[in-house]
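Single-structure report; data block below.
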Amino acid sequence: INTKSMNLNNPFRPLSTKTKSAVSAIEDIITKDEGGRGMASLVVRGDLEEAAMIFARLKRNDNIRPHVLILSGFPCCVDHNPPTETDGPPGAVAIACAAVLMGYKATIVTDECNEEVFTAACADRESLGGLMLKCFPSEDKMSSNDYADLNSLADDCDLVIACERAGPGKDGKCYTMRGIDMTSAGLIAPLHLIVDRIRVARTNASTTDSSRIMIPFLAIGDGGNELGMGKMLDAILSNPMISNAKQIAAVGIADHLIAASVSNWGAYALVGAAACIRINDISKDLPSSSRSGLVVEACQFLPSSAAEQALLESCVAVGCRDGVSGLMEATVDGMPLETSLACLEAIRVEVEAVGFEA
C-alpha cells in the first residue's frame with residue numbers, strides 16, 4: 001500500500017460518527033466473555049479506539065518507516081516442548097502483517113521456547129517485507145549481548161504492542177492462570193524490560209528528538225496475567241472468576257488496554273479498528289477511483305479466515321497446544337476454531353460497512 005497517497009496529514013481527520021460506531025461495535029464483539037472467565041470487568045471502554053488511532057496513524061519525523069514491536073508468547077503448557085499455546089501467535093502475526101501493509105516495519109519478539117511455533121506462524125509471510133521475528137532466551141540464560149539486543153530493539157521502536165504476552169506479577173515472576181511459575185521453569189525471556197526502557201526514555205528523552213519521547217505501549221489480554229493488564233489491577237484482584245489473582249495478576253500498566261474474550265480476537269479488533277480509522281482518514285479530495293482503491297486495501301488489513309485456519313494448523317503441526325485443554329488441536333482457549341473465525345468475520349463486516357460508505 002502506498003500510504004503516502006492516503007494524505008494522512010497531522011492533525012488527522014476527526015473520526016466520523018460511522019467510524020466511531022464501527023469501532024464501538026468491534027469492541028462489543030470481542031468482550032462478550034465467551035470463555036466465562038469474568039473478563040468483562042477488565043474492559044476499558046474507549047481504549048480500543050485510542051489504541052487503534054495510535055496504530056493507524058503512526059509516523060516518524062525522519063522519513064524512516066515506523067517500527068512496531070509485537071511482544072507475544074505465553075508458554076503455559078509447561079510440561080510440553082514447545083510449551084506454546086494457540087492464543088497469541090495468530091494475533092501477533094495479524095498485527096505484524098497489518099503493520100507492514102500500513103507501511104511500517106514489524107518485529108515479533110518472543111521467547112526461544114516459542115520459536116518453532118512463531119516461525120511456523122510467520123511462514124509464507126516473508127514476501128510482505130519488513131516483518132521480522134526475534135527470539136530471546138530465558139532470563140537465567142540471557143547474555144550481555146542478549147541484553148544489548150533487547151535494548152537496541154527498544155531504542156529503535158516507535159510503538160510496542162503486547163499480545164497475549166506473559167506479564168510479571170508483584171514478585172517479578174510470570175504465572176499461568178493455574179498459578180504455575182513459568183519464570184522459574186526457565187521459559188520466560190525478560191521482554192518486559194523493553195517496556196521498562198521506553199518508560200525511562202519518556203523521562204529522559206532529549207528535547208532535540210521529540211519523535212522519540214512518547215513511545216506508546218498497547219496491550220491485549222484476556223485473563224489478567226498478561227503484560228499490560230496492570231492497568232486494571234484492582235479489577236483483576238477483586239474478580240471472583242480469577243483464581244489466584246493475588247499471585248498471578250500482571251502489574252505492568254499499558255497506556256491503552258484491549259481486554260478481550262480471547263487475545264487473538266483483541267488483535268483482530270485492533271487491526272479492524274485501525275482499518276476503519278485509515279478509511280476515515282483517506283482524503284475526500286482524492287478522485288473516487290483512487291479513494292475506492294485505498295478503501296479496498298484498508299479492508300484487506302484483516303487476515304482471511306482461510307489464512308487464519310492454515311496458520312493455526314501450521315502452529316499445531318509443530319507442537320502448539322490449546323492453553324485450556326492442553327491438546328495439540330486447532331482450538332483456542334478451549335473453544336473451536338469456528339468461534340474465532342466467526343469473531344474475525346463479524347469484525348470484517350464492521351470494517352467493510354465503513355469502507356462501503358466512504
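Quick note: the coordinates plus some simple rules give every number you see, no bench work behind them. Just so you know, these numbers come straight off a predicted model, no measurement behind them. Positions of Cβ are generated from backbone atoms using ideal geometry, with glycine treated the same way; all protein chains shown enter the neighbour counts.
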Q: Mark the label point 7 Å from the Cα of residue 78 along Cα→Cβ and return the residues of region 176-199 whose backbone N is within less than 13 Å of it.
A: 176-188
Q. What relative contact order, as a whole-number percentage, does the chain give when Cα pairs under 8 Å and 6 or more residues apart are counted?
A. 25
Q: Measure nothing but the geometry: give the 0 to 90° angle between the long axis through the Cα atoms of 47-56 and the longest principal axis through the Cα atoms of the chain, rounded to 10°.
A: 60
**Q.** residue 159 long-range amide H proximity, modeled H, under 5 Å
**A.** 67, 69
(Q) Connecting C-alpha atoms closer than 10 Å in a GNM of the chain, tell me which of 267, 346, 121 has the biggest fluctuation. (A) 346
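Using the Kirkwood formula on the Cα atoms of region 17-355, what hydrodynamic radius do you get, in angstrom to one decimal? All intermediate terms of the calculation are to be shown ahead of the outcome.
Details: mean 1/r = 0.0508 Å⁻¹.
Taking the inverse mean of 1/r over all distinct Cα pairs, region 17-355 comes out at 19.7 Å.
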Q | Euclidean distance between Cα centres, region 218-262 to region 10-33, Å | A | 23
Q.
Would any residue of region 147-191 have its amide N under 14 Å from a label point 7 Å out along Cα→Cβ of residue 64? List them or say none.
A. 152-159
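About the Cα centre of region 17-355, how large is the charge dipole given +1 on each Lys and Arg Cβ and -1 on each Asp and Glu Cβ? Please answer in debye to the nearest 20. Can you show the working numbers first?
Values: 28 positive and 45 negative charges, 209 e Å.
Using only the charged Cβ atoms, the result is roughly 1000 debye.
For the chain, give me the percentage of DSSP beta bridges that are antiparallel, rounded to the nearest 5 percent.
Working: 5 of 31 bridges.
Counting DSSP beta bridges with both partners in the chain, the antiparallel share is about 15 percent.
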Q | Simple spin-label estimate for residue 241 and residue 305 in nanometres, 7 Å along Cα-Cβ | A | 2.5
Q. Semi-axes of the equivalent ellipsoid of region 207-358: what are they in whole Å, largest first, if each equals the square root of 5 times a C-alpha gyration tensor eigenvalue?
A. 32, 24, 14
Q) Of the peptides 16-26, 225-235, 91-101, how do they stack up when ordered by the mean number of other Cβ atoms within 10 Å, highest first? A) 91-101, 225-235, 16-26
Q: Per DSSP H run of n ≥ 4, the term is -39500 (n - 2.57); total these for the chain, divide by its residue number, and report the mean residue ellipticity at 222 nm rounded to 500 deg cm²/dmol.
A: -12500 deg cm²/dmol
(Q) Please flag any cysteine in the chain that has no other cysteine's Cβ under 4.7 angstrom from its own Cβ. (A) 76, 77, 97, 113, 122, 135, 157, 163, 174, 276, 299, 343
Q.
I need the phi-derived Karplus couplings for region 287-299: 6.51 cos²θ - 1.76 cosθ + 1.60, θ = phi - 60°, integer Hz, Gly and Pro marked x.
A. x, 4, 5, 5, 4, 4, x, 5, 5, 4, 5, 5, 5
Q: Name the residue farthest towards the positive end of the dipole of the chain from the options 256, 107, 63, assuming +1 on Cβ of Lys and Arg, -1 on Cβ of Asp and Glu, about the Cα centre.
A: 63
Q.
Can you compute the FRET efficiency between residue 13 and residue 146 using 1/(1 + (r/R0)^6), with r the Cβ-Cβ distance and R0 = 35 Å? Round to the nearest 0.05.
A. 0.25
Q: Can you find, among 191, 306, 160, the residue farthest towards the positive end of the dipole of the chain? Put +1 on the C-beta of Lys and Arg, -1 on that of Asp and Glu.
A: 160
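Under the definition of Cα pairs under 8 Å and six or more residues apart, what whole-number percent is the relative contact order of region 200-355? Walk me through the numbers on the way to the answer.
Values: 190 pairs, mean separation 27.5, N = 156.
Answer for region 200-355 is 18 percent.
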Q. Along region 227-235, what does the Karplus equation 6.51 cos²θ - 1.76 cosθ + 1.60 (θ = phi - 60°) give for ³J(HN,Hα), rounded to whole Hz, x for Gly and Pro?
A. 4, x, 6, x, 4, 10, 4, 4, 5
Q: List, in order, the whole-Hz ³J(HN,Hα) value for each residue of region 137-148 obtained from phi through the Karplus relation with A = 6.51, B = -1.76, C = 1.60 and θ = phi - 60°; use x for Gly and Pro.
A: x, 4, 4, 6, 10, 5, 9, 4, 5, 5, 5, 5
Q. Taking region 24-95, which trypsin sites (Lys or Arg not before Pro) meet the DSSP loop condition and have no more than 13 other C-beta atoms within 10 Å?
A. 32, 45, 60
Q) Across region 17-355, how many lysine pairs, 8 or more apart or on two chains, come within less than 25 Å at their alpha-carbon atoms? A) 21
Q: Please name which of 145, 242, 123 has its Cα lying farthest along the dipole of the chain towards the positive end, using unit charges on Cβ (Lys, Arg +1; Asp, Glu -1) and the Cα centre as origin.
A: 145
